[in-house]
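Worksheet: the structure to be examined is printed underneath.
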Amino acid sequence: MPTMFIEAVRSTIQNNLSREHYGVNELAVDMGMSRSQLLRRIKESTGLSVSEFIRNERLGEARVLLKTSDHSISEIAYLVGFSSPSYFVKCFHDSYGETPGDFRSGPSELTGTPERRRSVPMLGIISLTGVFLILAILLGIYFPLNRDEVPDSIAVLPFSNLSEAEEFVSDGLTESVINDLASADRWRVISRASVMRFKDDFPGTAEIARQLDVDLIVSGSIQQIKDSIWVNIQLIKPLPEEHQRWIKRYSFSNIDILSLSELISADIKNQLDPEFPVLSEMEINEYSESRELYLKGAYFLQHETPAGLEKSIKYLLQSIQLDSTYSPSFSALSRAYISQNRFLQDIGEKKINHEKSLKAARNALALNKNSASAYIAMARVNLLIDWDWGALKRNLQQALMINPSLSEAHELMSHYYALQGEYSQAIEEAATARRLDPLNPAAGTLLADRYYIASELENAIDTYQGVLELFPDYSYAWDGLGYAYFYSGNKQQALKCWQNFQNVIGNEVIAEFYTEQSFNSSLRYWLEKAMGPTPQTCSNPTVVATVYMMLDQPVEAIDYLEIAFEFRDERLPLMLIRPDFYNLRINPRFKFIAGQLDITLPEPAFSTDL
């Protein structure tokens with residue numbers, strides 16, 4: 001029996017059914033709820049994501065119209081809010097196992113609701129695909145792009161999982177195709193973080209193309225039954241009107257997913273430019289347990305939670321135990337150890353992870369000197385662990401030669417230029433990273449931080465605010481915006497930003513304290529909560545130092561910077577170049593630390609005497 005809440009949601013959706021771009025955010029506003037609250041309530045009540053629930057409502061209304069109206073199928077598609085008839089037909093078949101035309105002409109009655117990613121009988125899928133391929137050829141949409149139509153930019157959307165296959169399979173295939181296409185150095189390929197926004201929220205290919213600023217979209221679906229796997233791939237030109245340019249179906253048994261991604265990527269590149277060779281299906285590797293464990297480890301690595309990172313490390317170590325010659329497993333393991341440090345309090349434990357990360361990165365590069373991910377792993381070690389700026393630059397240059405569209409390489413290169421005092425280049429690299437990953441709040445926040453370090457406070461504030469307009473719960477943007485306001489002379493606005501920061505990360509007690517107390521009292525209260533009983537248990541010594549600077553206590557600030565130096569806090573080099581420490585730059589203790597780190601400290605562009 002539907003709850004009153006679900007009935008209210010359905011009524012709201014029905015009132016907005018014809019709006020193509022009516023999605024999670026719009027529904028949350030209409031329901032007077034936060035996005036996260038809506039996602040949780042719908043999931044608890046129906047087992048569906050909000051996007052799936054909205055799509056099911058659209059499809060249910062379409063079934064009614066198909067049986068009770070004289071509208072064409074195309075007209076019905078638009079009436080119920082689909083971006084194109086072709087996507088409507090695909091969703092309808094995926095949900096009900098028949099096309100809208102078959103449903104309209106057949107004896108089917110208006111009963112039942114779509115099943116969540118329903119698995120359709122394979123014979124029906126194969127026969128439908130065959131018919132569709134024939135129609136595609138007759139309609140002239142199954143051909144390589146002309147030379148003058150080769151795109152400047154591509155987005156690979158998350159592959160739809162049409163079966164009971166585990167999520168790490170579809171996500172792993174998506175990421176692998178992204179990386180393979182990006183290595184071609186012929187087009188800009190949108191990074192994983194941005195496209196994954198559309199995993200459970202599909203506003204239509206045209207809207208996605210506008211948001212990501214791309215010419216071409218790769219869309220795919222995957223179905224797995226035991227050892228057999230079927231993958232459908234489409235190349236779609238979304239603007240000015242959606243036009244399908246190429247489709248292909250792959251069918252294998254007992255296959256290595258990563259090897260399959262190489263075949264798919266080669267076919268896509270060949271369609272974009274015939275100079276790229278295709279691969280023979282005979283070159284595809286058989287199933288590998290070690291590769292599957294790697295995919296699981298890489299999948300949980302993306303979660304970036306304590307539990308997720310523990311699982312990631314477990315699976316990656318198991319993968320390496322089965323096959324110690326596979327470089328990506330070591331690259332991912334190196335990253336997992338560094339990421340885990342964000343959740344550790346004891347600095348001694350962090351140092352142990354540093355050693356493990358360094359060893360894994362060295363193994364990754366020793367195994368494959370043509371792997372961009374291996375060079376990135378070493379560059380991350382250079383930046384955060386051994387503080388070797390020359391090696392950092394060399395490893396990033398190698399990574400970008402292999403994969404110029406690797407947004408993380410541009411992010412790390414931005415760090416390099418910032419540490420060298422070359423702020424215009426640092427801003428340029430950060431802007432490139434954001435262009436490659438436009439819907440990743442971390443990329444926008446990095447650009448804002450580069451403006452902040454370069455003392456361009458107005459640009460920093462504008463960029464932080466732009467990030468928060470799209471991602472109001474992105475804590476790092478609230479934190480950075482607070483610093484920018486503080487050094488612009490607006491302490492109260494800074495405190496409001498930090499109150500939002502504390503609310504987002506779940507520290508309601510601290511946030512409430514900020515609303516009732518003065519600026520200085522609020523900072524001192526935070527210090528009480530952040531400082532451990534001993535220096536070794538203080539997880540944020542560099543942040544503690546910035547707070548002491550705002551309280552005009554430079555001696556205490558230097559004390560904590562020296563603690564960070566002693567225990568090799570990963571954030572220390574990039575923190576020292578921030579405006580927060582301008583007033584310490586003539587201090588001999590500060591100059592000693594900066595000299596040991598070999599970083600450039602330009603003259604301040606504004607006064608920090610507030």
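Here are some notes:
- Evaluation of Gly482 against (1) closer than 24 Å to Asn507 by Cα; (2) touching a residue at least 60 places away in the same chain (Cβ under 8 Å) (one fails), failing number: (2)
- Qualifying residue in region 495-511 (condition: of a type in the set (A, V, I, L, M), closer than 30 Å to Val29 by Cα, open to solvent by 50 Å² or more (accessible area, probe 1.4 Å) and assigned to a loop (DSSP other than H, G, I, E, B)): yes
- Listed by first and then second residue, the pairs linking a residue in region 517-534 that is closer than 18 Å to Asp479 by Cβ to a residue that is modelled with pLDDT under 95 and acidic (Asp, Glu), with Cβ atoms under 9 Å apart and 6 or more places separating them unless they lie on different chains, are Ser522/Glu516.
- Within region 374-392, the set of residues being outside any helix (DSSP H, G or I) and among the aromatic types (Phe, Trp, Tyr) comprises Trp387 only.
- The single condition among (1) at pLDDT 90 or above; (2) under 35 Å from the mean Cα position of the chain (by Cα) that Lys591 does not meet is (2).
- Residues satisfying the stated conditions in region 17-33, i.e. in contact (Cβ under 8 Å) with a residue 40 or more places away in the chain and of a type outside the set (Asp, Glu): Leu17, Ser18, Arg19, His21, Tyr22, Gly23, Val24
- Subset of region 355-377 (residues that are touching a residue at least 40 places away in the same chain (Cβ under 8 Å) and open to solvent by 20 Å² or more (accessible area, probe 1.4 Å)): Leu367, Asn368, Ser373
- Taken over region 403-446, the criterion of being touching a Ser or Thr at 6+ places or on another chain (Cβ under 6 Å) and over 18 Å from Ser194 (Cα atoms) is satisfied by Gln420, Gly421, Ala426.
- Annotation: of all residues in region 418-433 being in a helix (DSSP H, G or I) and open to solvent by 40 Å² or more (accessible area, probe 1.4 Å), the one that is farthest from Ala460 (Cα to Cα) is Gln425.
- Given (1) more than 30 Å from Ala594 (Cα to Cα); (2) within 29 Å of the chain's Cα centre (by Cα); (3) open to solvent by 20 Å² or more (accessible area, probe 1.4 Å); (4) polar (S, T, N, Q), number of the condition Gln517 does not satisfy: (2)
- Failed criterion for Lys314 (all others in (1) surrounded by 21 or more Cβ atoms within 10 Å (Cβ to Cβ); (2) more than 23 Å from Glu411 (Cβ to Cβ) hold): (1)
- Taking the criterion of being among the charged types (D, E, K, R) and under 25 Å from Val169 (Cβ atoms), the residues of region 207-228 that qualify are Lys226, Asp227.
- Of residues in region 329-354 being part of a helix (DSSP H, G or I) and among the charged types (D, E, K, R), the one most open to solvent (accessible area, probe 1.4 Å): Arg342
- For region 474-492, a tally of residues being open to solvent by 60 Å² or more (accessible area, probe 1.4 Å) and more than 27 Å from the chain's Cα centre (by Cα) returns 4.
- Flag set for Asp552, criterion: more than 26 Å from Thr445 (Cβ to Cβ) and not in a helix (DSSP H, G or I).
- Unique match (being among the hydrophobic types (A, V, I, L, M, F, W, C), in contact with an Asp or Glu (Cβ under 9 Å, 6 or more places away or on another chain) and without any contact (Cβ under 8 Å) to a residue 40 or more places away in the chain) among Ala545, Ala511: Ala545
- Among the candidates Pro541, Pro573, the residue that is modelled with pLDDT of 95 or more and surrounded by 15 or more Cβ atoms within 10 Å (Cβ to Cβ) is uniquely Pro573.
- A search for C-beta distances below 6 Å between a residue of region 389-410 that is over 12 Å from Met378 (Cα atoms) and any residue that is among the polar types (S, T, N, Q) and outside any loop (DSSP other than H, G, I, E, B), counting only pairs 6+ apart in sequence or on different chains, returns His410/Thr432.
- Put simply, of Ala155, Ala182, Ala193 the only residue that is open to solvent by 10 Å² or more (accessible area, probe 1.4 Å) and small (Gly, Ala, Ser) is Ala193.
- Given (1) within 30 Å of Arg245 (Cα to Cα); (2) surrounded by fewer than 21 Cβ atoms within 10 Å (Cβ to Cβ); (3) under 28 Å from the mean Cα position of the chain (by Cα), index of the condition Ile268 fails: (2)
- Only one entry of Gln244, Gln234, Gln223 meets the criterion of being at pLDDT below 90, part of a strand (DSSP E or B) and either under 19 Å from Arg186 (Cα atoms) or open to solvent by 20 Å² or more (accessible area, probe 1.4 Å) (or both), and that entry is Gln244.
- Inter-residue pairs, beta-carbon under 7 Å, first in a loop (DSSP other than H, G, I, E, B) and in region 60-79, second open to solvent by 50 Å² or more (accessible area, probe 1.4 Å), 6+ apart: His71/Leu79
- In region 32-52, the residue that is most open to solvent (accessible area, probe 1.4 Å) out of those that are part of a loop (DSSP other than H, G, I, E, B) and among the aliphatic types (A, V, I, L, M) is Met33.
- Given (1) surrounded by 15 or more Cβ atoms within 10 Å (Cβ to Cβ); (2) part of a loop (DSSP other than H, G, I, E, B); (3) hydroxyl-bearing (Ser, Thr, Tyr), index of the condition Ser259 fails: (2)
- Restricting attention to region 443-462, the residues being open to solvent by 40 Å² or more (accessible area, probe 1.4 Å) and assigned to a helix (DSSP H, G or I) number 4.
- Among residues of region 184-210 that are closer than 18 Å to Tyr87 by Cβ, those with a beta-carbon under 8 Å from a residue that is among the acidic types (Asp, Glu) and at pLDDT 85 or above at least six positions away or on a different chain give the pairs Ala209/Asp215.
- When restricted to residues that are part of a loop (DSSP other than H, G, I, E, B) and open to solvent by less than 70 Å² (accessible area, probe 1.4 Å), region 1-31 contains 7.
- The single condition among (1) more than 29 Å from Ser253 (Cα to Cα); (2) among the charged types (D, E, K, R); (3) in a helix (DSSP H, G or I) that Lys296 does not satisfy is (1).
- Test: residue in region 102-112 that is open to solvent by less than 30 Å² (accessible area, probe 1.4 Å), part of a loop (DSSP other than H, G, I, E, B) and in contact with an Asp or Glu (Cβ under 9 Å, 6 or more places away or on another chain): yes
The values are calculated or read from the model by the stated rules, or taken from the named source; none is laboratory data. All figures in this text were calculated on a predicted structure; none of them were measured in a lab. Note that we place each Cβ from the backbone using ideal geometry, even for glycine, and neighbour counts take in every protein chain shown. Ligands, DNA and RNA are excluded from the accessible area calculation, which covers all protein heavy atoms including side chains. Shrake-Rupley method; radii C 1.70, N 1.55, O 1.52, S 1.80 Å.
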